[in-house]
Amino acid sequence: MNNNIDMFAKQVQSLHDRLTELYQDGKGSVQMEADLLLPIAFTQLGIASETLEVTEKKLLQQNEQVAAAEARVKAERQRYQDLFEFIPIACLVTDARGIIQEANCAAATLFNLKKSFLVNKPLTCFMALEERQLFRSQLTQLQELECMLEWTIRIQPRHGDAFDAAVTVASVRDCEGNLTLLRWIVRDITEQKRALLALESHDYDPSQDRPKHFYSKGEIISLEPEKIWLVCQGLVKLSTMNEDGTEVLIGLAGSSMPFSSSLTCLPTYQAITLSEKAELVCISLQEIAASPPLAQTILPQISDRLRQAELLLAIAGKRHVKDRLYYLLLWLKQQFGQ
């Protein structure tokens, strides 16, 4: 764009110089020479006019292209801003000193302060007093490091209780390698730490913080292949059907026992509430796979179901009916008391 403008300016200057030259020649010439110079001047003016017209069209075209590019850049900027605003995790942009330049809605909620009051504030102000020295030390390290850093720090929001947070920060550098901006992600990990502490103390209950499902006696519980049911209260009968349509008992799920169609290869598998009221929670297999603490809690309960199934198979294998009934009642007494 600048090259074209310079070229246009040179062409205009060249035209001006040529006109001046023709004017000087015309002043110093006799009438006959002036008559000869006049057609030449018109020809030169015509050529120059056409050149200027072509150059003007090119400039107009490039101006349109520049305007379109500016519109695209503006739209991209707005799209980035919209995405930044609606990310459900607290995101901040600071300068190299940790002064907040941008903050999204989640950050304002996390720090309990309006976005307009967050901007131009040092991020250090929102750290617990005992953590500020460590935070300043981390900022100094970021001047030299180009990799993404993660650490845990204690956040002190405005007019709120301090909490543990996981901080992830990435540096932005200019073409000369100088640190210009820092991009931050801040996550409240209070609940995560509480769950880990509960696991360490063997008090973890996977039914906590999950919606409860209630069933009355005789209701059939819907089974989904990618989910596991966990009994919180009550008793659930698990059964299948043989070839003649007779129901076969394959398990009884009591408190803290899981069951799911994904835990069996039987083509027919049914779960029916035996107690007057049963309370259950549903946990997806994806969640169990993604959470080692949850998997460690569920696995022993699945093992209990496996042992129960093997015991029922052994009882069903008794030759005499009276023996099958006796050992079944004995097992019910030992496991459920009724």
ask   = Among 316, 309, 289, which is of a type in the set (A, V, I, L, M, F, W, C), at pLDDT below 80 and within 20 Å of residue 223 (Cα to Cα)?
value = 309
ask   = Do you know which residues across the range 87-101 are over 18 Å from residue 163 (Cα atoms), of a type in the set (A, V, I, L, M) and part of a loop (DSSP other than H, G, I, E, B)?
value = 87, 96
task = Kindly establish whether residue 140 is part of a helix (DSSP H, G or I), among the β-branched types (Val, Ile, Thr) and surrounded by fewer than 16 Cβ atoms within 10 Å (Cβ to Cβ).
result = yes
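Within the range 75-101, take every residue that is in contact (Cβ under 8 Å) with a residue 40 or more places away in the chain and open to solvent by 60 Å² or more (accessible area, probe 1.4 Å) and give me the one that is nearest to residue 121 (Cα to Cα). If you could, list the steps in order and put the result at the bottom.
Narrowing the range 75-101 to residues in contact (Cβ under 8 Å) with a residue 40 or more places away in the chain: 89-98, 101.
Within this subset, residues satisfying the condition of being open to solvent by 60 Å² or more (accessible area, probe 1.4 Å) are 89, 97, 101.
Values: 89: 20, 97: 11, 101: 8 Å.
If we take residues in the range 75-101 being in contact (Cβ under 8 Å) with a residue 40 or more places away in the chain and open to solvent by 60 Å² or more (accessible area, probe 1.4 Å), then 101 is nearest to residue 121 (Cα to Cα).
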inquiry  = Considering only the range 157-164, I want to know if a residue exists there that is open to solvent by 50 Å² or more (accessible area, probe 1.4 Å), more than 26 Å from the chain's Cα centre (by Cα) and in contact (Cβ under 8 Å) with a residue 40 or more places away in the chain.
reply    = yes
key: Where residue 316 falls short, out of the listed (1) in contact with a strand residue (DSSP E or B) (Cβ under 9 Å, 6 or more places away or on another chain); (2) closer than 21 Å to residue 230 by Cα; (3) among the small types (Gly, Ala, Ser)   = (2)
Filter result (surrounded by fewer than 20 Cβ atoms within 10 Å (Cβ to Cβ), of a type outside the set (A, V, I, L, M, F, W, C) and part of a loop (DSSP other than H, G, I, E, B)) within the range 102-130 = 112, 114, 120, 121
inquiry  = Can you say whether residue 301 is farther than 30 Å from residue 191 by Cα, of a type outside the set (Lys, Arg), surrounded by 14 or more Cβ atoms within 10 Å (Cβ to Cβ) and in contact with a strand residue (DSSP E or B) (Cβ under 7 Å, 6 or more places away or on another chain), as far as the supplied structure shows?
reply    = no
Every pair of residues 6+ apart whose Cβ atoms lie under 7 Å, when the first sits in the range 113-137 and is aliphatic (A, V, I, L, M) while the second is part of a loop (DSSP other than H, G, I, E, B) = 113/158; 123/98; 127/156; 128/156; 128/162
note = Expected output for the range 310-337 (first residue within 14 Å of residue 253 (Cα to Cα), partner open to solvent by 100 Å² or more (accessible area, probe 1.4 Å) and at pLDDT below 80, Cβ below 8 Å, 6+ apart or cross-chain) is 332/338
key: Subset of the range 194-226 that is surrounded by 13 or more Cβ atoms within 10 Å (Cβ to Cβ) and farther than 16 Å from residue 297 by Cβ - its residue that is modelled with the lowest pLDDT   = 224
task = Restrict the check to the range 59-68 and report whether at least one residue is in a strand (DSSP E or B), surrounded by 12 or more Cβ atoms within 10 Å (Cβ to Cβ), at negative phi and modelled with pLDDT of 80 or more.
result = no
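Taking the range 165-185 on its own, how many of its residues are under 23 Å from residue 109 (Cα atoms) and open to solvent by less than 70 Å² (accessible area, probe 1.4 Å)?
Residues that pass the stated criteria total 10.
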inquiry  = Looking only at the range 310-329, count every residue that is open to solvent by less than 60 Å² (accessible area, probe 1.4 Å) and under 18 Å from residue 237 (Cβ atoms) and tell me the total.
reply    = 3
inquiry  = Quick check on the range 280-293. Is at least one of its residues surrounded by fewer than 13 Cβ atoms within 10 Å (Cβ to Cβ) and touching a residue at least 24 places away in the same chain (Cβ under 8 Å)?
reply    = yes
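The values are calculated or read from the model by the stated rules, or taken from the named source; none is laboratory data. Just so you know, these numbers come straight off a predicted model, no measurement behind them. Positions of Cβ are generated from backbone atoms using ideal geometry, with glycine treated the same way; all protein chains shown enter the neighbour counts. When the accessible area is computed, the model is the full protein with side chains, heavy atoms only, and any ligands, DNA or RNA have been set aside. Shrake-Rupley method; radii C 1.70, N 1.55, O 1.52, S 1.80 Å.
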